[in-house]
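Peer 1: The structure under discussion is supplied below as structure tokens; questions concerning it will follow.
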Amino acid sequence: MCLDSGTFLLIQGDDETTLEHVSSILAVDGRLKLIDAFGKAQDVSGAITEIDLLNKRIVVG
């Protein structure tokens, strides 16, 4: 199966954040650190509960 290389979404409750420029997601001390291609980091509270490659979704709970 071939997957499209489109943009993933980070889903947290009712909030959706595009991961268009995110190059890494690191789990650090009970939260996620999103790092973009330019080295800018953003922290998100929670842990990954689901990764849906077919629908391009990463769900955080």
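Peer 1: Which one is modelled with the lowest pLDDT among residues in the stretch 1-13 that are out of contact with any Asp or Glu (no Cβ under 6 Å at 6 or more places or on another chain) and more than 12 Å from Val59 (Cβ to Cβ)? Lay out the reasoning, then the answer.
Peer 2: Residues of the stretch 1-13 out of contact with any Asp or Glu (no Cβ under 6 Å at 6 or more places or on another chain): 1-6, 8, 10-13.
Those still in the list that are more than 12 Å from Val59 (Cβ to Cβ) too: 1-6.
Details: Met1: 58, Cys2: 65, Leu3: 63, Asp4: 66, Ser5: 72, Gly6: 82.
Checked the stretch 1-13; the qualifying residue modelled with the lowest pLDDT is Met1.
Peer 1: Right, another one. Is it the case, given these coordinates, that Ala41 is modelled with pLDDT under 95 and among the hydrophobic types (A, V, I, L, M, F, W, C)?
Peer 2: Details: modelled with pLDDT under 95: no; among the hydrophobic types (A, V, I, L, M, F, W, C): yes.
Criteria not met by Ala41.
Peer 1: Looking at Ala27, is it among the small types (Gly, Ala, Ser) and in contact with a Gly (Cβ under 7 Å, 6 or more places away or on another chain)? Walk me through it before giving the result.
Peer 2: Details: among the small types (Gly, Ala, Ser): yes; in contact with a Gly (Cβ under 7 Å, 6 or more places away or on another chain): no.
In short, no.
The values are calculated or read from the model by the stated rules, or taken from the named source; none is laboratory data. Please read these numbers as outputs of a predicted model, since none were measured by experiment. Note that each Cβ is placed from the backbone with ideal geometry, even for glycine, and that neighbours are counted across all protein chains shown.
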